[in-house]
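S.K.: Following this message is one structure expressed as structure tokens.
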Amino acid sequence: MARAVGMGCWLLASGLLLFGAQPARAEIECKGRVLPIFNVPGQADDLKVTGTCWVQAGQTSYFKNVNVLDGGILIFREPSDRQNTQTHFWASSIIIENR
């Protein structure tokens, strides 16, 4: 019996190390402003949009999960005075909630 408990503890510890050892991701909340630039793909954070937020033209941003909650607006600015600007907005998932 003691051997089975010891084996179970070892399996639990191994599983936690393999699957639960990922660093916690930060969540950035945009309540109404110009969205800051996040241009490191491997260190992307989650984004929660609860107000009106603007993505600047000509920038590259990376996010993990983007949640646009009820009342949140994500606007991509494309100025008419600059030609051929490229805006890159990368996300693993984008969910838009409307209640």
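Quick note: the coordinates plus some simple rules give every number you see, no bench work behind them. From a predicted model like this one, the values you see are computed outputs, not experimental measurements. Virtual Cβ from ideal backbone geometry, glycine too; neighbours counted across all protein chains shown.
S.K.: Is the shape of segment 26-96 rounded, prolate or oblate, going by the alpha carbon gyration tensor and its root eigenvalues a ≥ b ≥ c, with a/c under 1.5 for rounded and a/b larger than b/c for prolate?
M.R.: Verdict is oblate for segment 26-96.
S.K.: Amide H of I73 versus every other amide H placed in the peptide plane: which residues, excluding those fewer than 5 positions away on the same chain, fall under 5 Å?
M.R.: The answer is G51, T52, C53.
S.K.: Order of 63-71, 91-99, 33-41 by packing, highest average Cβ count within 10 Å first?
M.R.: Put in order of decreasing packing, that is 63-71, 33-41, 91-99.
S.K.: Hey, what did segment 26-96 get for relative contact order, percent, Cα under 8 Å, at least 6 apart?
M.R.: So the answer I get is 31 percent.
S.K.: Give me, ordered by chain and number, the residues 5 or more places off E29 or on other chains with an amide H under 5 Å from its own placed amide H.
M.R.: K48
S.K.: At R0 = 25 Å, how high is the FRET efficiency between E97 and I37 if r is their beta carbon distance? Nearest 0.05 is fine.
M.R.: In this case the efficiency is close to 0.50.
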